[in-house]
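Here the structure is laid out as structure tokens; the discussion comes afterwards.
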Amino acid sequence: MDIELGKAKKTRRAYGFDEISLVPSIVTVNPEDTDTSVTIGGKKLEIPIIASAMDGVISPKTAGLMSQYGGMGVLNLH
């Protein structure tokens with residue numbers, strides 16, 4: 001669903017953690033039949049987790065570990 005932002009500019013709705021609920025269901029999904037990967041800027045992440053760019057939240061070591069597991073850690077190096 002695209003939202004227009006003026007002349008020839010469009011954006012999509014984004015969601016935060018407090019806006020999404022996971023609810024158990026009657027239907028069982030086989031994990032082998034699912035794909036949780038996402039592509040951002042040409043980089044494929046196997047798990048759709050991006051850590052916050054705050055010094056108190058993510059360290060270079062944690063960012064490296066997240067990369068090994070398929071996520072992304074963003075560092076604030078000012």
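Some notes on this structure:
- Accessible surface of the chain [probe 1.4 Å, protein heavy atoms]: carbon and sulfur percent: 58 percent
- Spatially close lysines, pair count over the chain: Cα under 27 Å, gap of eight or more or interchain: 6
- Among beta bridges that DSSP assigns inside the chain, antiparallel share in %, nearest 5: 75 percent
- In units of the rule-of-thumb radius 2.2 N^0.38 Å, the chain shows an alpha carbon radius of gyration of 1.43.
- Probe 1.4 Å, accessible area per residue of the chain, Å²: 92 Å²
- A simple rule links phi to the HN-Hα coupling: the Karplus curve 6.51 cos²θ - 1.76 cosθ + 1.60 with θ = phi - 60°, which for region 60-77 gives x, 5, 5, 4, x, 5, 4, 5, 4, 8, x, x, 9, x, 9, 9, 9, 9 Hz, with x for Gly and Pro.
- Potential lengthening between Thr62 and Asn30 on full extension [0.36 nm per residue; Cα-Cα distance subtracted]: 8.5 nm
- The trypsin sites (Lys or Arg not before Pro) found in region 12-78 that occupy coil by DSSP, while having at most 14 further C-beta atoms within 10 Å, are Arg13.
- Applied to region 29-43, the Karplus parametrisation 6.51 cos²θ - 1.76 cosθ + 1.60 on θ = phi - 60° returns per-residue 3J(HN,Hα) values of 9, 6, x, 5, 8, 10, 9, 9, 6, 9, 10, 10, x, x, 9 Hz, with x for Gly and Pro.
The values are calculated or read from the model by the stated rules, or taken from the named source; none is laboratory data. Everything numeric in this text was worked out from a predicted model, so none of it was measured. Ideal geometry is used to build each Cβ from the backbone, glycine not excepted, and the neighbour counts take in all protein chains shown. In case anyone asks, the SASA skips ligands and DNA or RNA and just uses the protein heavy atoms, side chains included. Shrake-Rupley method; radii C 1.70, N 1.55, O 1.52, S 1.80 Å.
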